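Taking it in order: structure first as C-alpha cells, then the write-up.
Nothing in this text is a laboratory measurement; each read-out follows from the coordinates by a stated rule. Please read these numbers as outputs of a predicted model, since none were measured by experiment. Neighbour counts run over all protein chains shown; Cβ positions are idealised from the backbone, glycine included.
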C-alpha cells in the first residue's frame, strides 16, 4: 500500500514527462524520416534528410562551432568556483557581491543582448572606443568569424557564472570545517587546501556543473540569436541551424533530423563526461 | 489502484479539454493582425463593432500577434488545424504562405476587372502569385529619404545636394565621409540586402521572368555590386552594414550618427517620439532610384486561409477591412497609404499644410503609383533560401574577401539549382 501511494505522487510528473517530453521526442524521430512542413502531409523519405544534412557543408561548420562553445565551460567553471571561494564567508560584503554577481542571471536575455550589442558595436561601441584610444583599429566583434563566436562566449560566461557560483556556494557550505582547520594546523597553504580538500569534496558538484554547462554550450541558441542575428549561418550553432530550417524555411523533416543528431551528440558527450569524471574520482 | 486510474482519467480529460478549447463557432471569424495593438485598438474595435452591427449574428474575434512571432504562431495554428480565418500578412509572409498553398485565391470570388476598378494595379500585383490573388491589398508604404538638415548644413551641403539616383548616392556617401569623417548613411547591404532592389531599379534583373534562371552575375550587376562593396571595404559604410537588417536602419539616424536614411515616411513618427531634437532638424526627399525610376512598394495585405471553414464570410470581412472608408480612416491614424484608388484620391493625400508629416504624406501618395514589387524572386516559394544565398554571397565578399565575380557566380549557381528543382517539382 505504501508503494502505491508513492507512485500516486510520482504520477502527475510522470504523465507530464511522457506527454511533453517523451512523445514529442519520439515524434521528432518520426518526422526526421519525412519531407514535412507542418501544413502538408509528410512524405516518407527514409534517410534522405540525414544524407542531406551530412552532405551539407554548413551543417558540419555549425557542428564544429557548437563544439567551440564548449570552450566556455572550463572558463565558466574557473570563474564561478573562484568567486564562490571568495564569497563563501557569510558576511554583509559577500552577500552584497553574491547578489551583484547573480544579477546577470536574472536580467532578461533580450536586455543583456541589447547592452552587449552596444558594447560590441563595431563603429560606435564602447569596447572599440577604448581600443581606438589605445591606438588600434576597430575590431569586428560582431561580423568577423570567429571573433564573433568569442563575443558570444563572453556573453554566455557573463550570463552564466552567477548561477554556477551559487551552485558551488551550496556545495562549499557542506564541506566539514574540521578538514580545512586540520589542514591549516598542518601548515597547508590556501591553494593546497583548494586542490587537496575543497575540489575533491565538491567533485560531484563539479561533475554536475561540467555536464550541465557543456551540454548547455552545445545547445547554445538565444545568445547567438540576440547578439549576431545577421551573420551567415556558418557563424552560428547547430541549434540556430535547426531553428532556421524549422521556423524560417519550414523544413521540419530536415530540422528534426538535425535535432536527432544533436540529441545523440549531447547524450554521448554527457555520458563521456560523467565516465571521465567518475574515473577521476576512482 | 482505483485512485490512480481515476487520476489518469481526470488528467486525460483535462488534456483533451485544453486541446479542444478553440472555438469553431460557424458565425465567428477569427481575424489576426500584425503588431497593431494597442496603438490602433480603438480603430479596430470600432470597425469590428460596425461590421457586427451590419451583419447580425456574425462575431469577429480579433487577435493581434507580435510581428516576430507571427510566422511561428500561424504555422502552429495551421498544423493544429485551427488557423485564423482572416489574416494580415506582410510581403515576405505572403510569399511564404502562398508557396505552401495555404491561402485562398480571391479570383475564385471576384473577377480581375471588378477588383482592378477598386484597388491600385501595383498593389494588386503585389498580392498576385502565379496568377492567383492570394490576398487583398491593405495599407501600403513607400520609400523616401529622411535627412538631418543640420548635419548636412554643417558639412556644407544644402537641400539641393540630396541624392536622387543611386549613382548620386554613392558619390554623396564618399563626399560626406571625406568632409566630416562620419558616415552619411546606414544601409543594410548584407542582411535582407537592399542590393537586389537597387539592381532591379537600375534595370538589372535578378532572375528571368519565368523564375528558371538567375541573372545577377551579369557585367552590369558585377559593376554595381563592386561599387557598393568598395564603399564598404574602404570604410565609407558602417562596419555592421553587412550584418544588420533593415530593422536597425533608423537607430543610427535617431542617435544623430548618420545624416540620412532611406526608409518609409512611417518612421517619421518614431523619430519624433524618440528623438525630438533630431526631428526638429529633419526633412524629407523622394527616394533614390535607378535608371528605371522604379522604387519598392511595401504592401500589407489581408488573406483568407484555405483551411478556413467559413471562407465566404471571411472573404466578405476581408473586403470590408480593405474598403475605401476603412482604409481612409486607418490612414488618418498613421503615415501609411491606402491601396484603393478612391481613398488615395481623397484630399487628405493631396493637401499639405507644410508640416513634415503632411509633406511626406502628399509626396508618398504622388510616388505610390510608380512603386512596384521590384524583387520578382519573392514569388518563388523558396524565396527566403534564395535571399539567404544572395546575402551570404555579399557577406563573403565583404568579410571573406572573395572576389565579387566569384561570389556572384557561386550564388547564381546555387540559385539555378533551386529554381530548376522547383521547375522539376512542378512538372
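Okay, here's what the table says:
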quantity: Reciprocal of mean inverse Cα separation for region B:332-416 (Kirkwood radius, Å); calculated: 16.2
quantity: Per-selection Kirkwood Rh - region A:164-223 (Cα, Å, 1 d.p.); calculated: 13.1
quantity: Neighbouring partner chain Cβ atoms per residue of B:68-74, average, 10 Å criterion; calculated: 1
quantity: Nearest-0.05 FRET efficiency for residue B:312 and residue B:280, computed from C-beta distance (R0 56 Å); calculated: 0.60
quantity: Prolate/oblate/rounded label for region B:149-188 (Cα gyration tensor, a/c 1.5); calculated: oblate
quantity: Relative contact order %, chain A, counting alpha carbon pairs below 8 Å whose residues are six or more apart; calculated: 31
quantity: Alpha-carbon Rg with Dmax, taken over region A:47-110, Å; calculated: 19.9, 61
quantity: Number of partner chain Cβ atoms within 10 Å, mean per residue of A:68-74; calculated: 0
quantity: Reduced Cα scattering model of region A:78-201, Debye log10 I(q)/I(0), q = 0.10 Å⁻¹; calculated: -0.48
quantity: Estimated 222 nm signal from helices in the protein assembly as shown, with DSSP H stretches of n ≥ 4 weighted -39500 (n - 2.57), rounded to 500; calculated: -17000 deg cm²/dmol
quantity: Compactness of the protein assembly as shown - radius of gyration and Dmax, Cα, Å; calculated: 29.2, 98
quantity: Isotropically averaged projected area of chain B, using the convex hull of Cα atoms (one quarter of hull area), nm²; calculated: 26.0
quantity: Rg over Rh [alpha-carbon atoms, Kirkwood Rh] for region B:56-175; calculated: 1.16
quantity: Exposure proxy order (Cβ contacts within 10 Å, fewest to most) of A:116, B:62, B:415; calculated: B:62, A:116, B:415
quantity: Simple label model, 7 Å out from Cα along Cβ direction - residue B:130 to residue B:273, nm; calculated: 3.9
quantity: Packing-based exposure ordering (other Cβ within 10 Å, fewest first) of A:117, B:359; calculated: B:359, A:117
quantity: Two-decimal log10 I(q)/I(0) for region B:238-358, as the Debye equation yields it once each C-alpha is a single scatterer, q = 0.13, 0.19, 0.21 Å⁻¹; calculated: -0.74, -1.17, -1.26
quantity: Residue B:154/residue B:345 FRET efficiency (R0 45 Å; Cβ-Cβ; nearest 0.05); calculated: 0.65
quantity: Radius of gyration, Dmax [region B:245-314; alpha carbons; angstrom]; calculated: 18.1, 53
quantity: Sites residue A:97 and residue A:248 - FRET efficiency at Förster radius 35 Å, r taken between beta-carbons, to 0.05; calculated: 0.25
quantity: DSSP-defined antiparallel bridges as percent of all bridges, the protein assembly as shown, nearest 5; calculated: 65
quantity: Equivalent ellipsoid, region B:274-427 (semi-axes from 5 times Cα gyration tensor eigenvalues, Å); calculated: 36, 28, 14
quantity: Label-to-label distance, nm, for residues given as residue A:264 and residue A:115 (7 Å Cα→Cβ offset); calculated: 4.1
quantity: Mean-position separation - Cα centroids, region B:52-94 and region A:1-64, in angstrom; calculated: 28
quantity: Reduced Cα scattering model of region A:68-144, Debye log10 I(q)/I(0), q = 0.13, 0.23 Å⁻¹; calculated: -0.63, -1.04
quantity: Cα gyration tensor shape of region A:49-281, rounded if a/c is under 1.5, else prolate or oblate by comparing a/b with b/c; calculated: oblate
quantity: Ranked list, fewest to most other Cβ atoms within 10 Å of each Cβ, for A:244, A:249, B:117; calculated: B:117, A:249, A:244
quantity: Protection-proxy order for peptides A:212-223, B:29-40, B:188-199, each taking the mean of Cβ atoms within 10 Å per residue, highest first; calculated: B:188-199, A:212-223, B:29-40
quantity: Other protein chain Cβ atoms within 10 Å, averaged over every residue that makes up B:231-241; calculated: 3
quantity: DSSP-defined antiparallel bridges as percent of all bridges, chain B, nearest 5; calculated: 65
quantity: Alpha-carbon centroids, region B:329-393 and region B:141-155: separation in whole Å; calculated: 19
